[in-house]
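Right, one structure below, let's go through it.
What follows is calculated from the coordinates using simple rules that are stated; it is not laboratory data. Just so it is clear, the structure is predicted and the values come from calculations on it, not from any experiment. Every residue, glycine among them, receives a Cβ derived from its backbone with ideal geometry; neighbour counts consider all protein chains shown.
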2 protein chains.
Amino acid sequence: MTKKVLITGGAGFIGSHLAKMLLAKEYEVTVMDNLFTGTKTNIYEMLDNHRFTFILHDVTQPFWGQFDLIYNLACPASPIHYQRNPVETIKTSLLGMMNVLELALKTKARVFHTSTSEIYGDPEVHPQPESYWGNVNTIGTRSCYDEGKRAAETLCADYLREYNVDVRMIRIFNTYGPNMHPKDGRVISNFIMQALQNRDLTIYGDGSQTRSFQYVTDLTEAMVAFMDLEKRTMMEFFKSRGMDIPILNVGNPEEFTIKQLAEETLRQIPESKSSIIYQTLPKDDPRRRKPDITLVNDLLGWKPAVPLQEGIKNAIAYFKGTNLRL
Amino acid sequence: MTKKVLITGGAGFIGSHLAKMLLAKEYEVTVMDNLFTGTKTNIYEMLDNHRFTFILHDVTQPFWGQFDLIYNLACPASPIHYQRNPVETIKTSLLGMMNVLELALKTKARVFHTSTSEIYGDPEVHPQPESYWGNVNTIGTRSCYDEGKRAAETLCADYLREYNVDVRMIRIFNTYGPNMHPKDGRVISNFIMQALQNRDLTIYGDGSQTRSFQYVTDLTEAMVAFMDLEKRTMMEFFKSRGMDIPILNVGNPEEFTIKQLAEETLRQIPESKSSIIYQTLPKDDPRRRKPDITLVNDLLGWKPAVPLQEGIKNAIAYFKGTNLRL
């Protein structure tokens with residue numbers, strides 16, 4: 001029987017790639033989105049697929065439906081978006097998670113929750129394994145996202161332990177690709193937009209700070225493979241690692257300097273009149289993080305497949321197709 | 001005009017002391033409690049006071065009322081209670097906090113939130129100042145309490161920043177005294193109950209591990225003094241310390257070894273036939289924490305006043321008056 005899937009936040013960057021991948025795998029896909037940061041454009045090509053349904057709904061409000069799998073992706077994820085309305089951001093994480101888990105409990109659906117490397121905060125351990133507890137400020141301006149996501153993990157863990165809900169979580173590290181919001185304020189979209197609009201590429205600091213970037217389909221491959229696993233086998237794997245909660249880091253551990261990224265962007269947009277300029281590092285600079293991906297590799301045989309060069313090429317092609325004054 | 005106060009969790013250990021103190025200060029006091037860990041006995045002596053009202057209500061469900069001050073204390077606080085129903089525990093923290101903050105936003109009430117030293121988790125900094133971010137596991141068996149309380153702090157901070165709700169928070173360290181639940185499973189109540197029932201006092205490990213203990217009225221004095229401060233003055237104090245969110249540690253920094261505590265308990269119950277026995281330290285041993293109380297001392301001139309000897313005496317008198325097989 002065709003499996004029914006719900007994707008909350010499915011009109012967003014990652015959700016729309018996931019929806020496309022699941023449709024290609026013959027699932028029946030329902031996307032729920034409030035279109036706050038997600039867009040109809042991201043799912044436009046799927047709208048006429050008879051196995052696809054779109055629901056305009058906010059995940060913080062209760063909802064009902066019979067699904068085999070629920071992927072919970074709803075939450076603004078870039079500081080520029082989530083700091084616009086911190087209260088709604090943390091409510092989306094918390095109430096959205098509660099609504100998903102309650103629905104799963106009552107309908108026996110399997111739940112995937114997208115956690116984030118942000119739960120590691122400003123890490124004192126590098127790279128970060130899943131066993132690292134993180135270093136997060138509870139009352140700072142990023143906390144609405146970080147603490148919302150931390151408590152959402154706790155909710156998942158507790159619904160699993162107390163009610164045996166079949167939950168799986170991935171802590172997603174820095175991800176990029178087509179369907180990113182052109183104004184999400186993160187470095188890859190900033191650089192590409194600047195280069196395409198012939199504005200100078202802004203590097204904060206000397207550009208020697210490193211970041212790791214994961215191409216979006218690498219991530220969605222891992223998500224789908226994780227959700228395909230039979231529960232007992234999966235839990236046994238985690239138990240053999242001394243864990244009672246199924247959670248994986250998924251990201252690309254290869255590091256690039258911000259300067260390398262700027263140079264690669266300009267190399268791929270030879271018509272750009274932009275140069276690279278340097279500015280003072282702001283106080284709230286995004287923090288350096290790099291995943292330890294031993295666990296996901298051991299469980300799924302997964303590792304990133306798309307090199308930065310190729311991923312950037314696809315992202316540039318996507319941004320060229322968007323209205324650049326968006 | 002008499003000020004109207006709501007205390008969520010007001011039939012609990014700390015809440016009942018706070019209610020009594022506020023009644024003595026001529027406030028109109030409404031206690032809301034679902035009586036999960038709180039008891040009618042704790043507020044029995046106040047029931048016939050014409051300035052006192054009791055509402056049987058669960059803070060996770062919306063409620064309404066016009067109050068000048070709201071003290072949010074509702075949440076099971078001892079591992080033995082909160083681990084009985086982890087999902088309800090974290091929901092109490094999160095939904096309770098949201099309901100309180102929404103009510104405060106609409107009615108312009110001032111909000112006091114009881115946070116906890118548990119948000120510091122297993123601290124790597126000792127003693128802990130308010131600026132320490134903590135070391136907490138998101139997916140462990142204590143997380144329902146720790147992460148629920150962390151995200152509740154975040155909600156408070158965000159309602160203050162985004163909507164200017166007048167919020168104040170205290171991170172409460174280990175507190176004891178009359179009205180503690182005799183079976184809350186924490187060391188002071190364990191020792192007193194064991195001694196009164198002529199069962200041996202159980203020390204885990206060699207008893208050289210230290211703890212700090214705050215007498216409950218020391219805490220409630222600080223809570224009331226903090227809530228009495230005019231907003232502008234209070235915010236200026238925090239700004240002068242580089243903080244934009246009003247939060248204080250309140251606890252007793254004096255440390256005792258577990259062995260000293262056991263000995264003091266037996267000294268005060270000379271009729272007890274109990275001895276001290278030693279058992280292996282369990283894996284999930286409560287963690288050592290000690291507050292840095294510089295900030296609360298600077299702001300309120302507050303420091304603990306009740307010595308352990310006197311506090312233990314009062315606690316013993318209380319436990320003697322309860323039904324010991326409770």
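Observations on the model:
- B from A by rotation - nearest chain A beta carbon to the axis, in Å: A:Ala151, 2
- Calculated translational diffusion coefficient of chain A (25 °C, 0.890 mPa s; Stokes-Einstein with Kirkwood radius over alpha-carbon pairs) equals 122 µm²/s.
- FRET E, pair A:Glu26, B:Gln197, Förster distance 60 Å, beta-carbon r, rounded to 0.05: 0.40
- Think of each Lys and Arg Cβ as +1 and each Asp and Glu Cβ as -1; about the Cα centre, that makes the dipole of the range B:161-207 roughly 80 debye.
- Among B:Tyr163, A:Tyr71, a tally of other beta-carbon atoms within 10 Å of each Cβ gives an order, fewest to most, of B:Tyr163, A:Tyr71.
- Against the empirical curve 2.2 N^0.38 Å, the C-alpha radius of gyration of the range A:60-199 lands at a ratio of 1.14.
- Förster radius 22 Å - calculated FRET efficiency between A:Val125 and A:Asn297 (Cβ-Cβ, nearest 0.05): 0.75
- Inter-copy label distances at A:Thr294 (7 Å, Cα→Cβ; nm, one decimal): 3.8
- Here the contact order of chain A, divided by its residue count and restricted to Cα pairs under 8 Å and six or more residues apart, works out to 17 percent.
- Model label points for B:Thr280 and A:Glu255, set 7 angstrom from Cα along the Cα-to-Cβ axis, are 4.1 nm apart.
- Above-threshold pairs, the threshold being 29 Å between Cα atoms, out of A:Lys149/B:Lys40; B:Lys239/B:Lys290; B:Lys3/B:Lys40: A:Lys149/B:Lys40
- Gyration tensor (alpha-carbon) shape descriptor, the range A:1-116, a/c threshold 1.5: oblate
- Computed from backbone phi, the HN-Hα couplings of the range A:288-303 come to 6, 9, 8, x, 8, 10, 4, 5, 5, 5, 5, 7, 10, x, 8, 8 Hz, rounded to whole numbers (Karplus: 6.51 cos²θ - 1.76 cosθ + 1.60, θ = phi - 60°; Gly and Pro given as x).
- Theoretical FRET efficiency, 1/(1+(r/R0)^6), r = Cβ-Cβ of B:Lys231 and A:His50, R0 60 Å, to 0.05: 0.55
- Projecting the Cα atoms of B:Thr175, B:Gln194, A:Phe67 onto the dipole axis of the protein assembly as shown, where Lys and Arg carry +1 and Asp and Glu carry -1 at the beta carbon, places A:Phe67 farthest toward the positive end.
- Positive-end residue of A:Leu299, A:Gly205, A:Val165, charge dipole of chain A with Cβ unit charges: A:Gly205
- Between A:His57 and A:Met1, residue separation times 0.36 nm minus the direct Cα-Cα distance comes to 17.5 nm.
- Mean-position separation - Cα centroids, the range B:124-149 and the range A:179-245, in angstrom: 27
- Order of B:Ser143, B:Ser115, A:Ser275 - criterion: other Cβ atoms within 10 Å of each residue's Cβ, fewest first: A:Ser275, B:Ser115, B:Ser143
- About the Cα centre, charge dipole magnitude for chain A (Lys/Arg +1, Asp/Glu -1 at Cβ), debye: 400
- Loop-resident trypsin sites (Lys or Arg not before Pro) (DSSP state other than H, G, I, E or B) in the range B:13-69 with no more than 15 further Cβ atoms inside 10 Å of their Cβ: B:Lys25, B:Arg51.
- Residue-span extension gain [A:Arg288 to A:Lys239] - 0.36 nm each, minus C-alpha spacing: 14.6 nm
- Largest-first ellipsoid semi-axes for the protein assembly as shown, taking √(5λ) over the Cα gyration tensor eigenvalues, angstrom: 47, 26, 25
- Over the C-alpha atoms of the range A:252-302, the Rg to Rh ratio, Rh being the Kirkwood estimate, stands at 1.14.
- Table column - 3J(HN,Hα) (Hz), the range B:109-115, Karplus curve with 6.51, -1.76, 1.60, x for Gly and Pro: 6, 7, 10, 10, 10, 8, 8
- Dipole magnitude (debye, nearest 20) for the protein assembly as shown, charges at Cβ of Lys, Arg, Asp, Glu: 460
- 10 Å Cβ shell holding at most 14 others, DSSP loop, GluC sites (Glu not before Pro): longest site-free stretch of chain A: A:125-229
- Here A:Thr257 yields copy-to-copy label distances, from shortest upward, of 5.5 nm, the label point defined as 7 Å from Cα along Cα to C-beta.
- Put in order of Cβ neighbour count within 10 Å, fewest first, the listed residues A:Asp48, B:Asp58, B:Asp206 become A:Asp48, B:Asp206, B:Asp58.
- Label-point spacing at B:Gly65 relative to the other copies reads 3.9 nm, in ascending order, each point sitting 7 Å out from Cα along Cα→Cβ.
- Calculated log₁₀ intensity ratio I(q)/I(0) where the Debye formula runs over C-alpha points of the range B:194-326, q = 0.09, 0.21 Å⁻¹: -0.38, -1.24
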